[in-house]
1. Does any residue of the stretch 338-349 turn out to be hydrophobic (A, V, I, L, M, F, W, C) and within 27 Å of Ala239 (Cα to Cα)?
2. Which of the residues that make up the stretch 125-164 are on the phi > 0 side of the Ramachandran plot and surrounded by 12 or more Cβ atoms within 10 Å (Cβ to Cβ)?
3. Would you pick out the residues in the stretch 249-275 that are without any contact (Cβ under 8 Å) to a residue 12 or more places away in the chain and more than 31 Å from the chain's Cα centre (by Cα)?
4. Consider Met167 against the criteria (1) in contact with an Asp or Glu (Cβ under 8 Å, 6 or more places away or on another chain); (2) hydrophobic (A, V, I, L, M, F, W, C); (3) assigned to a helix (DSSP H, G or I); (4) surrounded by fewer than 20 Cβ atoms within 10 Å (Cβ to Cβ): it satisfies all of them except one. Which criterion is unmet?
5. Could you identify the single residue in Arg232, Arg257 that is modelled with pLDDT of 95 or more and out of contact with any strand residue (DSSP E or B) (no Cβ under 7 Å at 6 or more places or on another chain)?
6. What are the residues in the stretch 30-49 that are loosely packed, with under 13 Cβ neighbours inside 10 Å and either touching a helix residue (DSSP H, G or I) at 6+ places or on another chain (Cβ under 9 Å) or under 14 Å from Ala106 (Cβ atoms) (or both), if any?
7. Let me spell it out: the conditions are (1) exposed (fewer than 15 other Cβ atoms within 10 Å of the Cβ); (2) out of contact with any strand residue (DSSP E or B) (no Cβ under 8 Å at 6 or more places or on another chain); (3) of a type in the set (D, E, K, R); (4) in contact (Cβ under 8 Å) with a residue 12 or more places away in the chain, and Arg216 meets all of them except one. Which number is the exception?
8. Kindly indicate whether Asn40 is of a type outside the set (Phe, Trp, Tyr), under 27 Å from Gln112 (Cβ atoms) and modelled with pLDDT of 85 or more.
Amino acid sequence: MNGELLNALDQLERERGISKDVLIEAIEAALISAYRRNFNSAQNVRVAVHRDTGEIKVYARRTVVEEVNDPREEISREEAREKDPSLDLGDVYESEVTPRDFGRIAAQTAKQVVVQRIREAERGMIFDEFSEREGDIVTGIVQRVEHRLVIIDLGKAEAVLGPGEQMPGEFYRPGERIKTYVAEVKKTTKGPQIVVSRTHPGLLKRLLELEVPEIRDGTVELKAVAREAGSRSKIAVQAREENVDPVGACVGAKGSRIQAVVTELRGEKIDVISWDPDPRTFVANALSPAKVLEVQVDEGEKLARVVVPDYQLSLAIGKEGQNARLAAKLTGWRIDIKSESQIREAAPEGDSDA
C-alpha cells in the first residue's frame, strides 16, 4: 500500500463526495478482520493507515496488569515499563506485528472496502434523488416482466410496477416508454427500491398538470380526484380567477388537453366537473353527465339524497353503479339516488325524502 491508495481516495472525495477519512477508517476496520482471518490470530490489534504516505501497520494491543493471565491480551507492568517507562496499570501497550506479506492482503481488502463504499454512496444518492420525486411522474422504459412484476429502467435506477399498480387490461412490452407515478421509495439491503404506479390518482393529477398550464401555474385548482384506473375517473376543478372557465381550461380546444391524458391512460374516460363549496351543487355536478333535479343533504349522516328524472336514473347510477360510486368518492358524501317516480310512489307512505 502506498500513495496510490491515498490518491484514489482523494479523487473519490472530489468526484463523489465520499469522505477520505471515513474511507480510511472503514479500511482500517476491515483490515483488522482480514489480519485475524488470514493469520489465525485472536489478538487484540489495531491497524493504522498513515494519512500522508498510505503505509499500513498492524499493532498488537495489550493491557498493562500486575499479574498476567492471558499473554495475548495482557502485559506485566514490569515488562511494559522496560519498553516505555510512562506506562502504568490499565494503560495499553502497543507493539508492531505487521506481517511481511500483509501488503497484498491489505491492497485487496482496501479495494473491496472502496468498491463497497462507492456502491453504498451511489445507492444513497439514488435514494435521495428519487425520494425527493415521490408523488411525481417519471418516464422510463419497460425492461422486462418477471412473475407479473414489470421492471422499468429509469436510467440511474430500476423501478418496480407491481400487479396491484398495473391498469386492468394494460400490457407492457419490453422497450416501450411509459409514464408512471412514484408511489414510494424504500431503503433495502440491495439498495433503494422504487415502487411506481399506473393506478394511483396522483398519476392523473400530474398528467393534468403537464397538459394544463392553468393547473400548473395555480390559476385553476384541482380540488378532488376519484379514479377507477383503466375505466373512468372524475376530477373537480375550481378557478381562482373569475374570468377563467376551469372545466374549459382542462378540456382544451376541441378536447385536446384532456384527450392527451386519456391517450396516456389508454382510453380511461375522464369527467371534468366544477367544484362548488355548496355540497348540493357539488354533488349534482359530480353526478354528471346525469341531470339532477334536487339534492337534499343530511350533514350529520354526511348523506346526499338525490332526485333525477326517470330517464336519467340509469345514467346517474352508471354501469354497475360506477357513476354514483365515483361521485361519492369525489365529494366525500354518501349518495342515495331516486327517480321522480320512486319519490312519488313513496310519498303517500310519508317517505318523500328517502
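The values are calculated or read from the model by the stated rules, or taken from the named source; none is laboratory data. Because the structure is a prediction, the values reported are computed rather than measured. Methodologically, a virtual Cβ is constructed for each residue, glycine included, from the backbone with ideal geometry; neighbour enumeration extends over all protein chains shown.
1. Within the stretch 338-349, not a single residue is hydrophobic (A, V, I, L, M, F, W, C) and within 27 Å of Ala239 (Cα to Cα).
2. Gly135
3. Hits for the stretch 249-275 are Ala253, Lys254, Gly255, Ser256.
4. Among (1) in contact with an Asp or Glu (Cβ under 8 Å, 6 or more places away or on another chain); (2) hydrophobic (A, V, I, L, M, F, W, C); (3) assigned to a helix (DSSP H, G or I); (4) surrounded by fewer than 20 Cβ atoms within 10 Å (Cβ to Cβ), the lone unmet condition for Met167 is (3).
5. Matching residue, one of Arg232, Arg257: Arg257.
6. Matches in the stretch 30-49: Ser33, Arg37, Ala42.
7. The one condition Arg216 does not meet is (4).
8. For Asn40, the condition - of a type outside the set (Phe, Trp, Tyr), under 27 Å from Gln112 (Cβ atoms) and modelled with pLDDT of 85 or more - is not met.
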